[in-house]
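Colleague: Here it is, the structure, as structure tokens.
No value in this document is a laboratory result; all are computed from the given coordinates. Everything numeric in this text was worked out from a predicted model, so none of it was measured. As a convention, Cβ positions derive from the backbone with ideal geometry for all residues, glycine included, and neighbour counts pool all protein chains shown.
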Amino acid sequence: MITHFDLEWQRRRFVGHTFDSLCQETIAALPADVYVRFDIDGLDPALCPHTGTPVPSGLSFAEAVHPLVELARSGRRLVGFDLVEVAPGDDEWDANVAARLLYKLCGEVLQSR
């Protein structure tokens, strides 16, 4: 299992690394078959305010989707995924964001085949 920390990625971005270069570096270290576990707590709290542990400066939706798209384009095979920590509130906003992310995950699994 590979873990990346937001503070380290932000530090690297501040000194000139692009988000894409960090994604490509991470993808290059992965095996041929990849299982993705996506914790919705990692998104910006504005996207999912009802999740259990909102994270300041979390990922935008585009930043969350970009590595998934690049992973599928890399030639690796996405063999499955989890989408966890979704806690819909009264306004259904969190559920809408999660459904869109789930849709992207399904699409990228199919694209990687």
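Colleague: Which one, 47, 64, 78, is farthest towards the positive end of the dipole of the chain when Lys and Arg carry +1 and Asp and Glu -1 on their Cβ?
Modeller: 78
Colleague: Moving to a separate point now. Pick from 54, 45, 31 the residue whose mean-square fluctuation is largest in a GNM of the chain, springs joining Cα atoms under 10 Å.
Modeller: Comparing 54, 45, 31 in the GNM, the peak value goes to 31.
Colleague: Add -39500 (n - 2.57) for each DSSP H run of 4 or more in the chain, then divide by its residues: what number comes out at 222 nm, to the nearest 500 deg cm²/dmol?
Modeller: -14000 deg cm²/dmol
Colleague: Further, regarding this structure: About the Cα centre of the chain, how large is the charge dipole given +1 on each Lys and Arg Cβ and -1 on each Asp and Glu Cβ? Please answer in debye to the nearest 20.
Modeller: 600 debye
Colleague: Within 10 Å of each candidate Cβ there may be at most 10 other Cβ atoms; applying that plus a DSSP loop requirement, which chymotrypsin sites (Phe, Trp or Tyr not before Pro) in the range 3-65 survive?
Modeller: Passing both the DSSP loop test and the Cβ count: 5.
Colleague: Give me the Kirkwood hydrodynamic radius of the chain, using the inverse of the mean 1/r over all pairs of distinct Cα atoms, in Å to one decimal.
Modeller: One decimal place: 14.7 Å for the Kirkwood radius.
Colleague: Compare 64, 99, 29 in a GNM of the chain, Cα atoms joined below 10 Å, and give the one with the largest fluctuation.
Modeller: 29
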